[in-house]
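Q: Below you'll find the structure I mean.
Read-outs throughout are calculated quantities, based only on the coordinates presented, and are distinct from any laboratory measurement. Here the structure is a predicted model, which is why all the values come from computation and not from measurement.
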Amino acid sequence: MGLLDHLDDLRKRLVRALIGFVVTFLVCYGFSKQIYEFLAQPIYEHLPDGTRLAFLGITDPFILYIKVAALAGLFLGSPFIFYQIWAFIAPGLYRKEKRLALPFITVGSLLFMAGGAFGYYVAFPLAVEFLLGVGEQFQPTITVTSYLSFLMTVILGLGVMFEMPTFIFLLAKLGVVTPRFLLRHFRWAVLIIFVIAAIITPTPDVINLCIFAVPTIGLYLVGVAVAWIFGPKKKDEAEAT
């Protein structure tokens, strides 16, 4: 395939991924209120009984449910999105390597969901407890807009960071990185991970920063192993198709 063919194929994959996302978004929008109640549980556990999150603008609830449906739709549609990513890179792979399609889609989707789950069940509750503890002498008036933006940053940020092995796998298959290269630049990778974690982390304390960064560093090492197992070999194992 020439460059223009690759660009045209990329456009088709992006359009299909977008269509898939729109479908899952519409499905999730029908359950947006229930999804919101689920997402609001971490903050409700720290507020007085009967307290609800506030909104300031008349359109805030409508926009809130759209964002909630979009977040859920992204996770629900992640397998189809990963399939489009694989379909884009598959023409450049060997016949034997193309058999990794199902593991790639499955593992990529599970890692994305695992990152979101880790953010929801571990990282975000700890951050909420810390922040509300700092302001315990004040009366909290939390808006749904600020709360959801906060939560989405954590969940999506960790979902993306948990894709580290998948990202390294793609780079290794494309010949961009090797296990030796990844290990040689490990300290730089740690620095970059901590910088990204500092951006995502909702609090300035070291404990929450480590909660975000340490699992990602572990996943980076998993990615090194993935690059060693699935990276290009010196001798071709099969003819390209």
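Q: For the cross-link pairs Lys12/Lys96; Lys67/Lys98; Lys67/Lys96, which exceed 32 Å when the distance is taken from alpha carbon to alpha carbon?
A: Numbers: Lys12/Lys96 25 Å; Lys67/Lys98 35 Å; Lys67/Lys96 40 Å.
From Lys12/Lys96; Lys67/Lys98; Lys67/Lys96, over 32 Å: Lys67/Lys98; Lys67/Lys96.
Q: I need the semi-axes of the equivalent ellipsoid of the range 1-133: take the C-alpha gyration tensor, multiply each eigenvalue by 5, square-root it, list largest first in whole angstrom.
A: Numbers: eigenvalues 281, 69, 25 Å².
Computed over the range 1-133, the values are 37, 19, 11 Å.
Q: Continuing with the same structure: Angle, helix 60-76 long axis vs. longest principal axis of the chain, Cα atoms, 0 to 90°, nearest 10?
A: Tilt of helix 60-76: around 30 degrees.
Q: Starting from the eigenvalues of the Cα gyration tensor, five times each then square-rooted, give me the equivalent ellipsoid semi-axes of the range 3-230, largest first, whole Å.
A: On the way: eigenvalues 248, 115, 31 Å².
Equivalent ellipsoid semi-axes, largest first: 35, 24, 12 Å.
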